[in-house]
1. Just the residues that are among the hydrophobic types (A, V, I, L, M, F, W, C) and more than 22 Å from residue 3 (Cβ to Cβ), please, taken from the range 152-161.
2. Identify all residues within the range 106-158 that are under 29 Å from residue 205 (Cβ atoms) and of a type in the set (S, T, N, Q); write none if there are none.
3. Among the small types (Gly, Ala, Ser), in a helix (DSSP H, G or I), in contact with a Phe, Trp or Tyr (Cβ under 6 Å, 6 or more places away or on another chain) and at pLDDT 85 or above: is that true of residue 38 in this structure?
4. From the list 30, 74, pick out the single residue that is out of contact with any Gly (no Cβ under 6 Å at 6 or more places or on another chain), surrounded by 17 or more Cβ atoms within 10 Å (Cβ to Cβ) and modelled with pLDDT of 80 or more.
5. Considering only residues of the range 184-197 that are in contact with a Leu (Cβ under 7 Å, 6 or more places away or on another chain) and of a type outside the set (Lys, Arg), which is surrounded by the most Cβ atoms within 10 Å (Cβ to Cβ)?
6. What number of residues within the range 129-179 are over 12 Å from the mean Cα position of the chain (by Cα) and either touching a residue at least 60 places away in the same chain (Cβ under 8 Å) or assigned to a helix (DSSP H, G or I) (or both)?
7. Give me the residue from the range 60-100 that is assigned to a loop (DSSP other than H, G, I, E, B) and in contact with a helix residue (DSSP H, G or I) (Cβ under 9 Å, 6 or more places away or on another chain) and, out of that set, farthest from residue 139 (Cα to Cα).
8. Could we say that residue 118 is in a helix (DSSP H, G or I) and buried (at least 17 other Cβ atoms within 10 Å of the Cβ) here?
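The values are calculated or read from the model by the stated rules, or taken from the named source; none is laboratory data. Values in this document were obtained by computation on a predicted structure and should not be read as measured data. As a convention, Cβ positions derive from the backbone with ideal geometry for all residues, glycine included, and neighbour counts pool all protein chains shown.
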Amino acid sequence: MNGTAHAAIGAATGFVIANTFDATPSTTLFLVGLGTVSGLIPDLDIDGKLRGKITLSHKMIQKVAQLIGILMVFYSYYEGINNEKYIGIGIGLGMIVISSLITQKHMLTITGIGVVAGGFSLEEGWLMLLGIYIILASFVSHRSYTHSILGVIFFGIISSKLQMSLGIEGIYYTCLAGYISHLIADSKLLPFNKRGVKLLLPVSSKEL
């Protein structure tokens, strides 16, 4: 199922839960948005539009790093003394080469590290855990752990801490329902899905 469908289903779950809790119009709008995001979160494990929207452009990072590397090479060549010159040139060339290998997946890892740091700075447990989730998602294969019961449990903990932090009823159920809706929509329960989800990882890799 495509991202638009996942987002729509997630938004619908947020709306239903908001009405269940008799939420105010502003809270309803917030929960609808939260449901939309939660319905998309499991697909952070694949290169595509969702990754691109939450990370800096890897092409921009490449250009900046390459420019710094070139400047370091020239500066070291003209200003360096003895071994310092060659070390500086080597570091500059290394930056140019390494930056050319940066992908959007690497940027997701960097983004996750930034989110963890932000959560630590703000002393927000849910934000630190979200950062860890993003980092893990950047390493796993598509439709694996983010599409499993372990992923649901991990995101449920994040959602619980987010609700405690903001004190808004319905956040936990909205996030959890939005996330689970994604897994159901990707499962073989729907006849048009050729692939399923590996709900029981790491115990079983069978697609359901």
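1. Answer for the range 152-161, where residues must be among the hydrophobic types (A, V, I, L, M, F, W, C) and more than 22 Å from residue 3 (Cβ to Cβ): 153, 157.
2. 109, 111, 138, 141, 144, 146, 148
3. yes
4. Answer to the selection: 30.
5. Out of the qualifying residues, it is 197.
6. Going through the range 129-179 one residue at a time, the tally reaches 35.
7. It comes out as 80.
8. Considered against the rule, which asks whether it is in a helix (DSSP H, G or I) and buried (at least 17 other Cβ atoms within 10 Å of the Cβ), residue 118 comes out as no.
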